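Reading through the structure tokens given below for one structure.
The values are calculated or read from the model by the stated rules, or taken from the named source; none is laboratory data. Because the structure is predicted, anything quoted here is derived from the model rather than measured. Cβ sites come from the backbone with ideal geometry, for glycine too, and all protein chains shown count toward neighbours.
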Amino acid sequence: MTNLTRWDPFQEAMTLREAVNRLFEESFVPMAPAREGSFVPALDLSETPEAYIVELAVPGMKAEDLNVTIENGVLSISGEVKKSVEEQERNYHRIERRYGRFCRTVTLPSTVRGDAIEARLEHGVLTLRVPKAEEVKPRKITINVG
């Protein structure tokens, strides 16, 4: 048996709008300087039975430039990508790298153990392993026959 999926034209229209915005931004303003504070690193969130895994692309950043906090199930990752003083003395023809402060927040789907979060920065990717609390982990329940 096959499942029917209802077509939603507005969902595709939103995607089209984003594509058109990107087209105009890249085609008509190719030499526009990067806006300060507009840096938003890409983030992936996945789940295993034991934990949530958050991966954030932060190429060129050092661990001391990043700040990770968790409060009430909301994980916040912030930092700043700075221009070097040497680069500011040049005459640029094109600037495509983004600079400035960023803050990414993720609301985790269930209760987690904030005191046991593991963080690793490797090859420009910050990986956070956020363990689930015992009460939200799936458990096999034994059925007794009486």
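Considering every residue within the stretch 80-100, establish whether at least one is at pLDDT 90 or above and not aliphatic (A, V, I, L, M).
If we filter the stretch 80-100 for residues that are at pLDDT 90 or above, which is where we start, we get none.
No.
Of all residues in the stretch 48-79, which are assigned to a strand (DSSP E or B), surrounded by 11 or more Cβ atoms within 10 Å (Cβ to Cβ) and free of Cβ contacts under 8 Å to residues at least 60 places away in the same chain? Steps first, please.
Initial filter on the stretch 48-79 (assigned to a strand (DSSP E or B)): 51-57, 66-71, 74-79.
Those left that are additionally surrounded by 11 or more Cβ atoms within 10 Å (Cβ to Cβ): 51-57, 66-70, 74-79.
Across the stretch 48-79, the qualifying residues are 67, 69, 74, 75, 76, 77, 78, 79.
If residue 90 satisfies every condition in (1) touching a Lys or Arg at 6+ places or on another chain (Cβ under 9 Å); (2) free of Cβ contacts under 8 Å to residues at least 40 places away in the same chain but one, which is the exception?
For residue 90, the failing item is (1).
Looking at the stretch 19-42, can you tell me whether even one residue there is out of contact with any strand residue (DSSP E or B) (no Cβ under 7 Å at 6 or more places or on another chain), charged (D, E, K, R), modelled with pLDDT of 75 or more and in a helix (DSSP H, G or I)?
First, pick out the residues of the stretch 19-42 that are out of contact with any strand residue (DSSP E or B) (no Cβ under 7 Å at 6 or more places or on another chain): 19-35.
Remaining after also requiring charged (D, E, K, R): 22, 25-26, 35.
From what's left, modelled with pLDDT of 75 or more: none.
The answer is no; no qualifying residue exists.
Return the pairs, sorted by first residue and then second, in which the second residue is at pLDDT 85 or above and not hydrophobic (A, V, I, L, M, F, W, C), the first residue lies in the stretch 94-121 and is on the phi > 0 side of the Ramachandran plot, the beta carbons are less than 7 Å apart, and the residues are 6+ apart or on different chains.
100/80
Which ones in the stretch 89-108 are exposed (fewer than 13 other Cβ atoms within 10 Å of the Cβ) and not in a strand (DSSP E or B)?
Within the stretch 89-108, 89, 90, 91, 92, 93, 94, 96, 97 meet the criteria.
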